[in-house]
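The values are calculated or read from the model by the stated rules, or taken from the named source; none is laboratory data. In this text, all values refer to a predicted model and were calculated from it rather than measured experimentally. So basically every Cβ, Gly included, is an ideal-geometry build from the backbone, and we count neighbours across all protein chains shown. In case anyone asks, the SASA skips ligands and DNA or RNA and just uses the protein heavy atoms, side chains included. Shrake-Rupley method; radii C 1.70, N 1.55, O 1.52, S 1.80 Å.
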Amino acid sequence: MPKITLSQLPVSGLFAVMKPSGPTSMSVINDLKQLVGNSRLFVEADKLEKRGKGKIPTKGKRAREIVKMGQGGTLDPLADGVLVVGIGKGTKRLDEFLDCVKEYRTTALLGCETDTYDSEGSRVRVAPWRHVTREAVESALNKFRGEIQQAPPIFSALKMEGRPLYDYARKGIPLPRPIEKRKVTIHSLDILEWKGSDHQFRWPEKEFTSDEKKAMEKALEGVEENPIIKDELEPAVGDESPTAFVLSMKVSGGTYVRSIVHDLGHAVGSAAHVVTLTRSRQGRFALEPAADSEDKGCIPWDVFSRASESEGDVGEDGWTQWEREVIDRLEIVEGPKPKKTS
């Protein structure tokens, strides 16, 4: 464990946690703030003594005065994996993780596309999927490798003329112009596992109503030729599950993994959406750091969830278990020590 002297305290830095699937990235940061804001590792000892330990506000000036925290790239609630956290002066370094190379593993489920492009959304359209073979998918992947132009999902918070894209789609307001594509680089894209129908994934139960489909068609008028959204059902065969497969990819910052899966579904004459998503690397932080590299690993989330219930005993080194885990993986960001306030 790196040696941190009393003269260095409090420190600023960067570390990564393994975010679980379910909570939002912001809720993860807010939960961490309760531990970080009560630790002499990151907060001046005299401030801790003066106010005592207690619940830390998560918003506003008071929260920033106690401890400044942020994350270097949001993960959807569905997604798990690497979430880079900045503390103190480390927050000034978080921008470098927005544009860095990232790696993902994602499971795609064929035959259905959703408004969010993942299993958290509602079914927009279903399409035939039995004709799609592994060879067909591998051939289609060639279209997505290298430098490509990628359109963000219409159900996203990106704004066009001051209005979020999802607002156009939900209210049936025609888009004033096509969604602007962005240039991204797909360094690698491969099938990691072909699950076929041997899995437990299912399409979302919630479906778009006919009015919702008409609203989305209206939003797309003028930017797409004859935008008709309709189901193309194929006969059910017992309890057969639609085909699923796992992709691994290394991509540039700004890439929408969900859009790759959605567009890939179209490319093979079907539809598809994301059912699992794991960020396995973000810059130099990785779930499985290479032994012969300077990669840094992630702290499992249960380390913090256990500490939230009980921080545990302080060891002979003066630190609790969660603090030792952070120190072991912490990248210290140097800078002038904060001035003490009376």
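Quote the charge dipole size of the stretch 1-149 about the Cα centre in Debye, to the nearest 20; the model charges only the Cβ of Lys and Arg (+1) and of Asp and Glu (-1). Walk me through the intermediate numbers first.
Details: 25 positive and 18 negative charges, 167 e Å.
Roughly 800 debye for the stretch 1-149.
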Who wins for biggest fluctuation among 136, 16, 79 in a Gaussian network model of the chain, springs between alpha carbons below 10 Å? 136
Could you compute how much accessible surface residue 319 exposes when probed at 1.4 Å, giving the result in Å² to the nearest 10? 10 Å²
In degrees between 0 and 90, to the nearest 10, how far off the longest principal axis of the chain does helix 210-220 point, with axes built from Cα atoms? 80 degrees
Tell me the net charge near residue 59. Cut-off is 15 Å between Cβ atoms, residue 59 excluded, with +1 for each Lys or Arg and -1 for each Asp or Glu. +4
Beyond 24 Å between alpha-carbons counts as too far, so tell me which of 183/230; 19/183; 89/159; 102/230; 59/250; 250/296 fall in that bin. 183/230; 19/183; 89/159; 102/230; 59/250
Could you work out which residue, out of 302, 95, 292, moves most in a Gaussian network model of the chain, that is, has the largest mean-square fluctuation with Cα springs under 10 Å? 292
Scan around residue 160 for amide H atoms under 5 Å from its own, H built in the peptide plane at 1.01 Å from N, and keep only partners 5 or more places away or cross-chain. 165
Around residue 14, under 9 Å between beta carbons, what's the net of Lys plus Arg minus Asp minus Glu among the other residues? +1
So how strong a dipole does the stretch 41-125 carry about its Cα centre when Lys and Arg Cβ are +1 and Asp and Glu Cβ are -1, to the nearest 20 debye? 720 debye
Options (1) 32, 23, 18; (2) 43, 22, 18; (3) 34, 30, 17 are given for semi-axes √(5λ) of the Cα gyration tensor in Å, and the computed one is (2)
Within the set 298, 100, 112, GNM on the chain using Cα springs under 10 Å gives the largest fluctuation to 100
